[in-house]
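Comments concern the structure below.
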Amino acid sequence: MLNFKAISRNVGLALLASAFFMFLSIIVSVMYGNDSALTAMVISFLITASVGAFPFIFVRKATSITLRDGYVIVVLSWLLSFIFGALPFVLWGGDQFTVINAWFESVSGFTTTGATILDDIEALPPSLLFWRSSTHFIGGLGVVVFLLLIIPNSSPIRMRLTNMELSSLSKDTYHSRANKTVFIFSEVYLGLALVAFVAYLLAGMTPFDAINHAFSVCATGGFSTKALSIASFNSRWIEGISMLFMFLASIHFGLIYSAFVNRSLKPFNNPILKFYALSLLFFTVLLAISLKTRGVIQAWNTALWDSAFQTLAVASTTGFATVDNAEWPMVSSLLLFFMAVMCGCAGSTTGGVKADRVLVFVKTIVRQIRMTLHPSNVMGVRLGNHSLKEDEIAPHILYLVLFSFLLAVSVLLALMLGISPHNAFAGSISSMSNVGPAIRELGTMGSYNTLPASAKFLFSIDMFLGRIEIYPALAVAAMLFNRKKDI
């Protein structure tokens, strides 16, 4: 039996987190002379805050919470955040925000995907731009993390819920009790955002641009205040700062925390991090060779710089851009799709299947080949000093299979909706992996606005499933199905 009291209060907290940033957006509107989104932001704030506060006023506090309750809290928190997060866009209206467009932009923001339907970003008033970036900031930290801050110290439940945001393969690197994991995650996340904000300021951004891009880069989201993204600033310093924070935000936050607390780089001697870094280097070089030999970029130094930026932007799922990839050769775009599926490390704000799972998959294949050649040898899969048991390997291999299956279903549905093959393939991968920009008209300088409403809804579902890593949504769906079956 679900504990509806606990569920409603925890979901209410998630909405109050959104309401808080709506209030900040109202302040931004006033600072900019009561911009055109002020009324929309005030109404959105009042509605979201009222609904979020309702359970705390009228529902008695409940301390017990089960794993089933936790799954429902996670799924409802995300879905209601999408709905209430779309209110400012819908109420402001404009030429670009239909209901489905507002929904798409909200889902893209909270899931930190960074795909957009906007063709003219600069047309948005400052308060709406700030709210748009705030959805990244909230989603990056995770509605789940906000909830975990107040869930009672029931260690098994807390650890299970945390595993939705942090891989069980990586959580041991925190070297702390389960009930501290969320605080460490939050401290590193907020610290990265603050340092990124200061760095952008020193590099020449205005305070408004700096805070918006800091929100995006630490959440690995990609929303910018400019249609041309990072390219609009025409600054190697800003590009370099973006690359640094895209990398930091895409690695396990526990490693950053351990390195900072211990004043040592030893925590970075991690097999998953090494694998991720070598993958970045490998695909950067391959992409640079592809762009240079095909005449897209003339100078090697420019080819390497732009390739490093775009590889990091895709792998970290940030989606910032310094070049327009619409005219790139298909082989160059395909190179990035490998990183778009893998993405960064577990315990970060990235999407995709995670480098952790890919490394386990590769090591499992190598072990199987060796066992075929030497059947008598007993071989395990090791990650550093940790030897993985079969029951630790299986869930992650199954996740790769499930991810691939749902990706294939998404591509098939997109084709049935009349989407061109390259957009169906690229849009599905970018959405499921929370990368954002894809190729051609959906590329780094393009938008998803030209797609039909049905395709936008399909890709928004992909974003949601990718962000919560599929299993929680399936668990809730199974609970609903079993309940109807029992009835």
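The values are calculated or read from the model by the stated rules, or taken from the named source; none is laboratory data. As the structure is a computational prediction, the values presented were derived from the model and not from experiment. Positions of Cβ are backbone-derived with ideal geometry, glycine not excepted, and every protein chain shown enters the neighbour counts. With ligands, DNA and RNA removed, areas are computed over all heavy atoms of the protein, side chains included. Shrake-Rupley method; radii C 1.70, N 1.55, O 1.52, S 1.80 Å.
Please pick out the residue among L291, L248, L281 that is surrounded by fewer than 18 Cβ atoms within 10 Å (Cβ to Cβ) and among the aliphatic types (A, V, I, L, M).
Values: L291 fails: surrounded by fewer than 18 Cβ atoms within 10 Å (Cβ to Cβ); L248 fails: surrounded by fewer than 18 Cβ atoms within 10 Å (Cβ to Cβ).
Within the list L291, L248, L281, the selection yields L281.
Being open to solvent by 70 Å² or more (accessible area, probe 1.4 Å), among the β-branched types (V, I, T) and either outside any helix (DSSP H, G or I) or modelled with pLDDT under 95 (or both) is true for just one of T39, T63. Which residue is that?
Residue meeting the stated conditions: T63.
Here's the yes/no breakdown for (1) at pLDDT below 90; (2) buried (at least 22 other Cβ atoms within 10 Å of the Cβ):
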position: V90; (1), (2): no, no
position: T98; (1), (2): no, no
position: S108; (1), (2): no, yes
position: G142; (1), (2): yes, yes
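Considering only segment 410-433, state which residues are closer than 25 Å to T317 by Cβ and either basic (K, R) or open to solvent by 50 Å² or more (accessible area, probe 1.4 Å) (or both). Let's see the steps before the verdict.
If we filter segment 410-433 for residues that are closer than 25 Å to T317 by Cβ, which is where we start, we get 410-415, 417, 419-433.
Selection gives L412, L413, L415, L417, P421, H422, F425.
Does segment 217-236 hold any residues that are open to solvent by 20 Å² or more (accessible area, probe 1.4 Å), among the aliphatic types (A, V, I, L, M) and not in a helix (DSSP H, G or I), and which are they?
Matches in segment 217-236: A227, L228.
Is there any pair with a first residue in segment 204-216 that is under 12 Å from R132 (Cβ atoms) and open to solvent by less than 30 Å² (accessible area, probe 1.4 Å) and a second that is outside any helix (DSSP H, G or I) and of a type in the set (V, I, T) whose Cβ atoms are under 6 Å apart and which are 6 or more apart or on different chains, and what are they?
Final answer for the pair search is N212/T225.
Quick check, is A19 farther than 27 Å from P437 by Cβ, open to solvent by less than 20 Å² (accessible area, probe 1.4 Å), of a type in the set (A, V, I, L, M, F, W, C) and at pLDDT 90 or above? Can you show your working first?
On the way: farther than 27 Å from P437 by Cβ: yes; open to solvent by less than 20 Å² (accessible area, probe 1.4 Å): yes; of a type in the set (A, V, I, L, M, F, W, C): yes; at pLDDT 90 or above: yes.
Criteria met by A19.
Is it the case that some residue within segment 366-380 is closer than 20 Å to S428 by Cα, touching a Ser or Thr at 6+ places or on another chain (Cβ under 7 Å) and not in a helix (DSSP H, G or I)? So that I can check it myself, show each step before the final result.
Quick first cut of segment 366-380, residues closer than 20 Å to S428 by Cα only: none.
No, because not a single residue in segment 366-380 is closer than 20 Å to S428 by Cα, touching a Ser or Thr at 6+ places or on another chain (Cβ under 7 Å) and not in a helix (DSSP H, G or I).
Run down S18, S77 and say which single residue is hydroxyl-bearing (S, T, Y), touching a residue at least 60 places away in the same chain (Cβ under 8 Å) and either in contact with a Ser or Thr (Cβ under 7 Å, 6 or more places away or on another chain) or more than 30 Å from L2 (Cβ to Cβ) (or both).
Exactly one residue qualifies, and that residue is S18.
Is segment 472-479 home to any residue that is open to solvent by less than 10 Å² (accessible area, probe 1.4 Å) and under 21 Å from L415 (Cβ atoms)? Can you show your working first?
Going residue by residue through segment 472-479, those that are open to solvent by less than 10 Å² (accessible area, probe 1.4 Å) are 472.
If we keep only those that are under 21 Å from L415 (Cβ atoms) too, we end up with none.
So far as segment 472-479 goes, no, none of its residues is open to solvent by less than 10 Å² (accessible area, probe 1.4 Å) and under 21 Å from L415 (Cβ atoms).
Need pairs with beta-carbon distance below 9 Å; first residue at pLDDT below 95 and within segment 242-255, second open to solvent by 10 Å² or more (accessible area, probe 1.4 Å) and outside any helix (DSSP H, G or I); sequence gap 6+ or separate chains.
I251/N270; H252/S167; H252/N270; G254/H175; G254/S176; L255/N270
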